[in-house]
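The values are calculated or read from the model by the stated rules, or taken from the named source; none is laboratory data. All figures in this text were calculated on a predicted structure; none of them were measured in a lab. Here Cβ is always computed from backbone atoms with ideal geometry, including for glycine, and neighbour counts include all displayed protein chains.
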Amino acid sequence: MPDAQSPLTPAMFNVMLALADGDKHGYAVLKEVAEQTAGEVQLSTGTLYGIIKRLLAEGLIVEVRRHPAIENDDQRRRYYHLTDSGRAVALAEAERLERQVERARSKQLIRALKPV
Amino acid sequence: MPKPRQPFADWLYGALLRILPFEFRLEFGSDMEETFRLQRVETGRDYGFRALLRMWSATIADIIRMAPREHASVLRADVTYALRMMRKNPGYTAGAVMILALGIGVNTSIFSAVNAVLLQPLPYVEGDDLVVLRQRGSAPGNILFSVQEINDYRRLTRSLSGLVEHHSMAFTLFGGKEPHRVRAGVVSAGFFDLFGVKPLMGRTFVPDDDRPGAAPVLVLSYEYWKQVEGGDPKIVGKVFQMNDKPHVVIGVLPLIPQYPSENDVYMPTSACPFRSKPENIADRDFRMMSLFGRLKPGVSTNDARSDVARIAQMMAGAHPKSYAAGFQATASALRSDLTTRARPMLLALLGAAGFVLLIACANVANLTLARMARREQELVVRRAVGAGSGRLLRQLVTESMVLALVAAGIGVVLAMGSIRLLAQFTSQLTPRAREISIDGWVLAFAIVCATATTIVSGSVAALYSRTDVKLGWNDGRPGAERSGRFVRGALIASQVAFSYVLLIGAGLMVRSFLQLNRVDVGFVPERVLAVSFQRNWLKYQSPESRHAFADQLLEKVRHMPGVSSAAVASSYPLDPENSAIAQSMDHQTHFLEEGDTRPESERPAVRAVRVASPDYFRTLGIPVISGRGFLDSDRAGAPPVVLINQSLAHEAWRDADPLDRHISFDGGRSWSRIVGVVGDTREFGLVPEVPFQAYLAEAQFPQTASVLVRAARDSERLAGLVRRAILEVDPETAITQAETLEQARMDSVASPRTTTRMFSLFAVLALLIALAGIGSMLALWVRQRTREIGIRMAMGARPRHILARVIRQGMWLVGIGLSAGYAGAVGLTGFIQTFLFQVDPTDGATYAIVSALLSGAALVACFVPARRAARIDPQAALRCE
């Protein structure tokens, strides 16, 4: 697990979010991040694989041999899976962000938003 | 099915990925290419050309941005790996670090001297524009300058500005706790301005200080101010008495190297009693000054040279009586003038040091190889999975870099330790030696050495590893291995040869040093104390007063407890004060013989005319060979007598008897009768030639500056008593030195001792490195043949056969190295001939001893891996293959 000194970057968190609902290969991650953020976060291949390398090294994701049954799947593609600890870290990050938004709301910084 | 052709865009992306580290590409490369392909196709299809362009630029920028980070992370991993390997192989690590540390240390150390002496600018403002002027006649040696000449140069020069003069004299300074003999630099007003020296306190000299009759002033050197005046902050304005005149301190110099000579105090020319005498100023032949100048802007040293030569010709034409034929003058850059003698020696040393580093690199590469035999499997696998030679090189280079940096750290510490010895050695060649230090440049040089080492030893190892790895894969024995072995063999033989040459050099120096110490100095230095003094010369203008001083002093000293005999003299053998002056060969006196009309030049030149009291010869243990020594009856008013040494007697009169002949040292104004011949003494140092000498009786020529005491037991304990006795006779006397003659003898060989130490250190270093090289080469050889040795042993070969075979393998190369080294040594030792004393550069004993020593050491170096080979367990050896 990453320690307190190496917090998740927004890009890392986005990659983990993309994997939260199922194993994906690199391009699928890339595409989902772009879609989920409405094109706000556009990862390049270099950044993506830099993040994948780090998440792999920290045990937050693993590569899976069993490919999901997808039409036209290229067997050479590598699929990544969010591990339990990865999931826990992503959850912790989401909660942290939520608390921050809460605080911003209590300070009436984001009045315009509807309460959840 | 033919492979579909890759689109150019994908090929370009693949090429771009090559700037990422190999490991990263191995892990993610093909996945990235696939991802990029999909991204490219979809972006082009869905969003159009502009989006595609944006994607390309983002991708390129991204990869360029991440490449350094990824490389750094690989480097970190490599360094960690290298450190782990170093910890795992402490023997290898210690060996390699030691060899490299010695190599880098010796280079750093020599470079510190080269840097300070040859590379750094002079520590003066625009020091490269400073020139020194020299005058020469037909005889060898330089002629100093007279005031008249200095005025001519100042008036007539077109190329130089601010010509300043300098000479140095010893005076006695009163005003402190006890009288102090000081070295006074006598300089003209612009001297410090020319060198760009600003005072630490007060001021330096201005033209008014230099006018005749100006109030005498002094500037103190930093060292004198600190050591003698205790760094007194109120020193400016303090009054000292010197030459019977009050001298006011006007300033203190900063801590700077003092050129051309080191002085305690400085005074303007008007304050020097000799330089300021009107008759001396008017006398064109009264030459005692050195002359310095600064090149005018845009003027070269060559221009200055011809300018000065032109002035010299003009002077010679205008004053033919003062200048003999062949008189000339020249100017040379102060910087090169100060380092002319040191340059070839330092560059030769740096070259040799570079060579030492090169063989150190080669040996470390060898050591690395021997160790890498174990890692062969790892390298084979890495190549098989596609690690290019570049990647392997990087891993190996990182490992060597870590080793080299550790070694460089130790090397710098070694260099710091050797700085004193090096500075001592270099000070024989240049006054800039005192500037030698470990500064930023030297540290940078150590790092450059480490980097060079890394590149050489790392890539040599990688080159070999490529061959070896290929071998491992093909299981073949191509010619590459034979050529590798040849290179390694040649390497070992050449470093044996190199260390042999150095060892011969060191051996000759050691022998020469032993010879020096065996030299009969012609007197018995044991238990003799010499105390030198300087009286206030203004009080002792008359011969009677000087003789009275000597008489009183002798009377006191003779009656001291523990004194067996005592004498006074103008100087004594191996007096350091004398040696420096007399070694320059300028110091010669010619004599006339009554009834002999031959010109002076046809008679031997006397190097030392010493004034001595009757007991001088008894006190020093110099034998009187014929005639008699001085007697109490040889007093003032009695017929003058003279003694000569044996060599002079033989040179001047061959087999004839010199006794009762009359000779004159003052051009015939006074004649002295030769009453005795005394033994030769080495006056000016332990050199082969014995100087021709004459002695005058103190009572007849009272000029004394030393008292010599032979003690019944310990002479050193008498020093305090003798010092007190001198001050009792006249408290205004400065004690300039007190030493035993044994000490003087020791000091006289200080310079050859330093040179010998330097050479020996170098040679031992080269030897150590060469031995490590032989050992590691054989270790590698044994490791590569473990299987072969195993088979041989399984077939009945005895361990001693194996032992002999390995040793033979090593000693064969040592033999070749020794033969080459012998040829090299015979050719090269002529270079050090000037340093040798009564030793032939081809001295058989030295060659025999060094050969035996080197062979013996090499045998030991061979024995270690050979024993390991002999202990190989045949079964284990076969299994491991």
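What to note about this one:
- Candidate set: segment B:198-214, residues that are modelled with pLDDT of 90 or more and of a type in the set (A, V, I, L, M, F, W, C); chosen: the one nearest to the chain's Cα centre (by Cα): B:Leu200
- Qualifying positions in segment A:12-48 - under 12 Å from the mean Cα position of the chain (by Cα), hydrophobic (A, V, I, L, M, F, W, C) and away from chain B (no Cβ under 11 Å): A:Met12, A:Phe13, A:Val15, A:Met16, A:Leu17, A:Ala18, A:Leu19, A:Ala20, A:Val33, A:Val41
- Only one of B:Thr829, B:Thr842, B:Thr834 that is farther than 25 Å from B:Leu768 by Cβ, of a type in the set (Ser, Thr, Tyr) and part of a helix (DSSP H, G or I): B:Thr834
- Residue in segment B:561-574 that is at pLDDT below 90, in contact with a helix residue (DSSP H, G or I) (Cβ under 9 Å, 6 or more places away or on another chain), under 30 Å from B:Phe831 (Cβ atoms) and not assigned by TED's automatic domain parsing to the domain that holds B:Pro179 present: yes
- Scanning segment B:1-16 for residues that are out of contact with any Asp or Glu (no Cβ under 9 Å at 6 or more places or on another chain), more than 10 Å from chain A (Cβ to nearest Cβ) and part of a helix (DSSP H, G or I) yields a total of 5.
- Conditions (1) farther than 29 Å from B:Tyr540 by Cα; (2) touching a Ser or Thr at 6+ places or on another chain (Cβ under 9 Å); (3) modelled with pLDDT under 90: number failed by B:Ala170: (1)
- Meets criteria (among the hydrophobic types (A, V, I, L, M, F, W, C), buried (at least 17 other Cβ atoms within 10 Å of the Cβ) and under 30 Å from B:Asn517 (Cβ atoms)) for B:Leu836: yes
- The set of residues from segment A:7-39 being in contact (Cβ under 8 Å) with a residue 24 or more places away in the chain, under 14 Å from A:Leu60 (Cα atoms) and crowded, with 17+ Cβ neighbours inside 10 Å comprises A:Leu8, A:Met12, A:Phe13, A:Asn14, A:Val15, A:Met16, A:Leu17, A:Leu19, A:Asp23.
- Residue match in segment B:157-177 (condition: surrounded by fewer than 21 Cβ atoms within 10 Å (Cβ to Cβ), within 26 Å of B:Ala304 (Cα to Cα), out of contact with any strand residue (DSSP E or B) (no Cβ under 6 Å at 6 or more places or on another chain) and of a type outside the set (Phe, Trp, Tyr)): yes
- Among the residues of segment B:67-79, those that are facing chain A (nearest Cβ under 10 Å) and either touching a Lys or Arg at 6+ places or on another chain (Cβ under 9 Å) or at pLDDT below 90 (or both) comprise B:Glu70, B:Ser73.
- When B:Pro599, B:Pro614 are screened for being in the same structural domain as B:Asp666 (by TED's automatic domain parsing), modelled with pLDDT of 85 or more and out of contact with any strand residue (DSSP E or B) (no Cβ under 7 Å at 6 or more places or on another chain), only B:Pro614 passes.
- The residues on offer are B:Arg65, B:Arg84, B:Arg45, and the sole one that is in contact with a Gly (Cβ under 9 Å, 6 or more places away or on another chain), surrounded by fewer than 15 Cβ atoms within 10 Å (Cβ to Cβ) and over 30 Å from B:Ala348 (Cβ atoms) is B:Arg65.
- Test: B:Ile19 is outside any helix (DSSP H, G or I), farther than 13 Å from A:Gly50 by Cα and more than 8 Å from chain A (Cβ to nearest Cβ): yes
- Among the residues of segment B:738-750, some residue qualifies, meaning at least one is in contact with a Leu (Cβ under 6 Å, 6 or more places away or on another chain), at pLDDT below 85 and not basic (Lys, Arg).
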